[in-house]
1. May I ask you to derive the relative contact order of the chain, considering only C-alpha pairs under 8 Å and at least 6 residues apart, and to give it as an integer percent?
2. Give the calculated FRET efficiency between Glu7 and Asp28 to the nearest 0.05, with a Förster radius of 22 Å applied to their Cβ-Cβ distance.
3. Among Ala116, Gly89, Thr19, which residue has its Cα furthest toward the positive end of the charge dipole of the chain, with +1 on Lys/Arg Cβ and -1 on Asp/Glu Cβ?
4. Just tell me the longest site-free run in the chain, where the sites are GluC sites (Glu not before Pro) in a DSSP loop having at most 15 other beta-carbon atoms within 10 Å.
5. Hey, in the GNM for the chain with a 10 angstrom Cα cutoff, which one of Leu45, Leu101, Leu129 fluctuates hardest?
6. Cα centroids of segment 13-35 and segment 90-112: how far apart, whole angstrom?
7. Using a simple charge model, +1 on the beta-carbon of Lys and Arg, -1 on the beta-carbon of Asp and Glu, nothing else, what dipole does the chain show about its Cα centre, in debye to the nearest 20?
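Nothing in this text is a laboratory measurement; each read-out follows from the coordinates by a stated rule. Given the structure is predicted, the values throughout are model-derived calculations rather than measurements. Glycine gets a Cβ as well: all are built from the backbone with ideal geometry, and neighbour counts include every protein chain shown.
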Amino acid sequence: MSGTHAEQTKGRCLCGAVTVTVTGPLGDISACHCGPCTRWSGSVLMGLEIPRDRVVYDGPIKTYASSSFAQRAWCDTCGTAVWFTDTEGDGAACLELAPGLFDGFGGAQLTRVVYADQAPEGVKLAGNLDRVTKADYEAANLHVEDTQ
Ligand SMILES: [Zn+2]
Ligand SMILES: [Zn+2]
């Protein structure tokens with residue numbers, strides 16, 4: 001990290017018991033329409049991919065291993081989604097933080113949607129997004145078969 005003062009962005013869960021502070025830029029938001037993300041988020045999961053060493057968190061965080069290589073975290077008091085992360089591979093160095101932890105999504109912008117071709121018919125994200133299909137995503141990344 002260069003510069004004298006790295007910018008910090010503070011976020012929290014609905015009840016306030018979990019706090020998250022990111023040092024440095026939040027980057028862009030990506031959305032995922034895969035089966036597990038849809039079920040877990042209740043609709044469409046969005047995330048800000050931040051290197052773990054730039055994230056400080058505190059509070060009653062619970063985690064669930066949603067596959068052999070993925071973990072999902074939430075506030076044990078109010079249920080707010082906190083992060084998704086890979087637990088192996090390149091993605092393990094980052095947490096995909098829930099944008100809603102931060103007021104106004106911290107000013108971050110949605111730029112990418114994966115499993116774009118799996119979006120429910122009535123829910124297509126609009127705009128000029130980098131749209132990655134299930135086949136293309138799975139050719140390049142760890143994934144679980146969507147069997148549920
Ligand atoms: Zn909470
Ligand atoms: Zn997903």
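1. 24 percent
2. For Glu7 and Asp28, the calculated efficiency is 0.90.
3. Value: Thr19.
4. Here the longest run is 8-87.
5. Maximum among the listed residues: Leu129.
6. Cα centres, segment 13-35 to segment 90-112: 4 Å.
7. 400 debye
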